[in-house]
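Scroll down for the structure; my scribbles are underneath it.
The values are calculated or read from the model by the stated rules, or taken from the named source; none is laboratory data. Not measured: the values here are computed from a predicted model. Positions of Cβ are generated from backbone atoms using ideal geometry, with glycine treated the same way; all protein chains shown enter the neighbour counts.
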Amino acid sequence: MASPWWQHGIIYQIYPRSFADSNGDGIGDLNGITGRLDYLANLGVDAIWLSPIYPSPDADFGYDISDYCAVDPKFGTLADFDRLLEEAHRREIRIVLDMVMNHTSDQHPWFIESRSSRDNPKRDWYLWRDPAPNGGAPNNWYSVFGGPGWESDPTTGQCYFHMFYRQQPDVNWRNPEVRQAMLDVFCFWLDRGVDGFRLDVFNAFFKHAELANNPVIFPVPVYGFAGQRHVNDISQPEMIPLLQELRALLDRYSTPGRERYAVGETFMGGPEKAAHYCGPDRLHAAFNFEFLHSRWNAQLLMERVQRWEHCLGSDTWPNYVLNNHDVSRTATRWKGLFSDPQDDARLKVAAAMLFTLRGTPFIYYGEEIGMRDIPLKSKAEVLDPIGKQFWPFMKGRDGCRAPMQWSAGPNAGFSDPGVRTWLPINADSVRRNVDAECDDPHSLFNTYRRLIALRRAHPVLVEGMFQPVTYGTRYIMAYIRQNHDQLVLVALNFSGRRHRLVLAGMLARAGWKVLFSTHREEGGSLSLTRKGMVALEPYEALILEKDVGASPFDQRSR
């Protein structure tokens with residue numbers, strides 16, 4: 001396709017600890033990922049996003065980095081990374097790295113120097129302030145993970161700010177030396193051939209120059225962060241010039257077919273804020289996480305798609321994600337109240353939606369086989385510090401980070417038999433695994449493969465216009481995708497009962513061909529009733545095609 005790879009491509013997120021263990025220590029690694037590249041090529045993905053692989057004390061499981069230009073020994077070596085990159089590129093799979101640059105680990109050499117004395121050359125690389133006159137915090141900022149955002153340091157008698165854990169001190173992006181050092185990190189990995197970056201909580205990089213207090217909405221005794229308007233600790237105007245500088249850097253490294261890419265994790269922001277940071281001189285894309293916090297409701301999801309489209313406009317490219325390393329898995333969140341807990345019908349509908357909307361789809365590892373969260377029954381089982389701190393109100397993020405389920409064998413094929421894996425294997429791996437689903441033509445895995453192949457074969461599903469067909473129904477989501485020579489109708493039944501989709505105008509005319517269905521034979525024609533009605537089976541995903549003879553936008557639907 002003529003469009004850059006990040007527009008027509010599909011990006012697959014890997015949490016490296018949990019994908020494949022090549023050396024039998026119970027933790028996934030880079031060589032394990034390299035050994036599974038053929039699987040990813042067979043699935044049809046275009047890029048891999050790797051959660052952090054850098055050296056880390058693991059206060060936040062890799063999101064506290066102690067060296068930006070190395071690989072943590074538990075994952076391998078730089079030579080292992082170079083081999084992964086080479087083998088991935090040989091299969092036309094790009095590599096996108098997670099960059100966590102709002103903060104470092106407190107074990108990073110920069111911070112060790114910074115905290116050593118008030119006159120150290122790197123003192124201003126972090127946010128240091130004297131305590132308040134009463135000995136309290138310098139301002140009223142809190143940590144996202146609970147408690148004050150300021151940590152007193154006895155070495156110099158000052159406090160440093162941490163938006164997250166106290167082991168993750170925030171860097172001072174207003175310092176030109178910090179800015180240059182971080183841009184040098186991007187260059188280090190770009191020079192090795194990396195294809196792009198995912199920026200962790202990027203819009204928190206800059207804080208108010210005077211570290212002014214945040215307005216208090218209402219006091220929250222247990223979790224003060226929730227009671228403030230975060231106007232001074234995130235989303236500062238200085239972020240735009242930095243993104244412009246980063247985009248110019250990426251563009252200098254780009255060539256046709258090898259465009260370098262950046263997608264941002266928008267921290268505490270909806271679609272409007274995410275869209276603000278995207279554009280031809282800013283990020284290529286930023287995440288809008290509304291799907292991750294939505295109910296299983298066609299009307300609600302359609303409203304969120306339309307809002308995202310409206311915020312971005314026609315010149316900025318959307319992306320869609322159903323799950324990631326911080327959120328309960330899709331199969332766990334969207335399970336039916338009275339449905340079989342092993343039933344994947346809803347997940348097939350969700351997949352059809354993901355791969356047919358206008359935008360770049362992101363897949364979290366294991367979603368293609370319908371992995372569920374591992375159950376956590378006691379605080380003693382929890383590894384994630386968030387879960388330990390807020391149990392039982394929050395169980396943390398361990399549930400969605402369990403090892404990949406490759407087979408029905410010991411340790412689900414993730415690691416050697418008898419090895420204790422870093423998180424438990426889900427007990428359902430004996431029936432829910434890659435091997436079993438590859439052999440089942442009706443499995444969720446093969447549904448993913450069919451949809452990805454369909455998207456690749458029909459450019460209209462990538463570049464075509466998006467137009468809703470249904471409004472105001474919680475059970476049916478329908479929309480069309482159209483380019484100059486093809487018209488596709490996507491009809492999704494979110495209900496466990498049959499529902500009728502009534503079309504109008506040219507959409508009600510004959511001539512539809514079944515491109516894809518979870519319930520009926522593909523390749524044949526579809527007959528509508530005289531009233532332009534098609535009956536959708538329970539949890540059916542139906543994709544229809546017809547030749548373009550007239551504009552479809554003169555039709556009405558209900």
Hits in region 119-129 - residues which are closer than 16 Å to Pro169 by Cα and out of contact with any Pro (no Cβ under 7 Å at 6 or more places or on another chain)
Lys122, Arg123, Asp124, Trp125, Leu127, Trp128
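Count, please, the residues in region 182-213 that happen to be among the small types (Gly, Ala, Ser), without any contact (Cβ under 8 Å) to a residue 60 or more places away in the chain and part of a helix (DSSP H, G or I).
Of the residues in region 182-213, the ones among the small types (Gly, Ala, Ser) are 193, 196, 204, 209, 212.
Still in the running and without any contact (Cβ under 8 Å) to a residue 60 or more places away in the chain: 209.
If we keep only those that are part of a helix (DSSP H, G or I) too, we end up with none.
Adding up the residues that qualify gives 0.
Tell me the residue from Asn446, Asn483, Asn433 that is of a type in the set (S, T, N, Q) and surrounded by 20 or more Cβ atoms within 10 Å (Cβ to Cβ), please.
Numbers: Asn446 fails: surrounded by 20 or more Cβ atoms within 10 Å (Cβ to Cβ); Asn483 fails: surrounded by 20 or more Cβ atoms within 10 Å (Cβ to Cβ).
The conditions single out Asn433.
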Please find, within region 264-294, the residue that is nearest to Val144 (Cα to Cα) out of those that are charged (D, E, K, R) and free of Cβ contacts under 8 Å to residues at least 60 places away in the same chain.
Glu290
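Okay, residues lined up against (1) at pLDDT 95 or above; (2) within 27 Å of Val434 (Cα to Cα); (3) among the small types (Gly, Ala, Ser):
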| site | (1), (2), (3) |
| --- | --- |
| Asp340 | no, yes, no |
| Arg346 | yes, yes, no |
| Ala351 | yes, yes, yes |
| Leu376 | no, yes, no |
| Asp384 | yes, yes, no |
| Pro392 | no, no, no |
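Collect the residues in region 231-255 that are closer than 21 Å to Asn140 by Cβ and surrounded by 14 or more Cβ atoms within 10 Å (Cβ to Cβ), keeping them in residue-number order.
So in region 231-255, the residues closer than 21 Å to Asn140 by Cβ come out as 231-236.
Across region 231-255, the qualifying residues are Asn232, Asp233, Ile234, Ser235, Gln236.
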Within the set of pairs 6+ apart or on separate chains, which have a first residue in region 386-400 that is crowded, with 20+ Cβ neighbours inside 10 Å and among the β-branched types (Val, Ile, Thr), a second that is part of a loop (DSSP other than H, G, I, E, B) and modelled with pLDDT of 90 or more, and C-beta atoms under 6 Å apart?
Ile386/Gly396
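Report yes if Pro403 is surrounded by fewer than 22 Cβ atoms within 10 Å (Cβ to Cβ) and in the same structural domain as Gly224 (by TED's automatic domain parsing), otherwise no. Steps first, answer last, please.
Values: surrounded by fewer than 22 Cβ atoms within 10 Å (Cβ to Cβ): no; in the same structural domain as Gly224 (by TED's automatic domain parsing): yes.
So Pro403 fails the test.
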Every residue from region 122-147 that is touching a residue at least 60 places away in the same chain (Cβ under 8 Å), assigned to a strand (DSSP E or B) and surrounded by 18 or more Cβ atoms within 10 Å (Cβ to Cβ):
Tyr142
Flag if Pro271 is over 22 Å from Leu97 (Cβ atoms), under 20 Å from the mean Cα position of the chain (by Cα) and modelled with pLDDT of 95 or more:
yes
Kindly check whether there is at least one residue in region 214-228 that is on the phi < 0 side of the Ramachandran plot, aromatic (Phe, Trp, Tyr) and modelled with pLDDT under 95.
yes
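Do you know which of the residues in region 398-420 that are under 16 Å from Pro375 (Cα atoms) and part of a loop (DSSP other than H, G, I, E, B) is farthest from the chain's Cα centre (by Cα)? It would help to see each step written out before you state the result.
Narrowing region 398-420 to residues under 16 Å from Pro375 (Cα atoms): 398-405.
Among the residues that remain, those that are also part of a loop (DSSP other than H, G, I, E, B) are: 402-405.
Working: Ala402: 17, Pro403: 18, Met404: 17, Gln405: 20 Å.
Among those that are under 16 Å from Pro375 (Cα atoms) and part of a loop (DSSP other than H, G, I, E, B), it is Gln405.
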Region 291-323, residues that are at pLDDT below 95 and of a type in the set (Asp, Glu)
Asp315
Of all residues in region 491-520, count the ones that are assigned to a loop (DSSP other than H, G, I, E, B), more than 26 Å from Gly336 (Cα to Cα) and either free of Cβ contacts under 8 Å to residues at least 40 places away in the same chain or polar (S, T, N, Q) (or both).
3
Selection count where residues are on the phi > 0 side of the Ramachandran plot and touching a Ser or Thr at 6+ places or on another chain (Cβ under 6 Å), scope region 294-324:
0
Which of the residues belonging to region 216-230 are in a loop (DSSP other than H, G, I, E, B), surrounded by 12 or more Cβ atoms within 10 Å (Cβ to Cβ) and over 25 Å from the mean Cα position of the chain (by Cα)?
Val220, Tyr223
I'm told Tyr160 meets every condition in (1) part of a strand (DSSP E or B); (2) touching a Pro at 6+ places or on another chain (Cβ under 7 Å); (3) free of Cβ contacts under 8 Å to residues at least 40 places away in the same chain except one. Can you identify the failing condition by its number?
(3)
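Please return the ranges of helices (runs of 4 or more DSSP H) entirely within region 421-466 where 1 or more residues are in contact (Cβ under 8 Å) with a residue 40 or more places away in the chain, basic (Lys, Arg) and under 22 Å from Val45 (Cβ atoms).
444-457
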Scan of region 301-331 for residues that are surrounded by fewer than 18 Cβ atoms within 10 Å (Cβ to Cβ) and either touching a His at 6+ places or on another chain (Cβ under 6 Å) or within 13 Å of Met371 (Cβ to Cβ) (or both), ordered by number
Ser328
Mind checking which residues of region 467-480 are modelled with pLDDT under 95 and either surrounded by fewer than 19 Cβ atoms within 10 Å (Cβ to Cβ) or part of a helix (DSSP H, G or I) (or both)?
Tyr471, Gly472, Thr473, Arg474
If I filter region 158-173 for residues that are surrounded by fewer than 16 Cβ atoms within 10 Å (Cβ to Cβ) and not assigned by TED's automatic domain parsing to the domain that holds Pro219, do I get at least one hit?
no
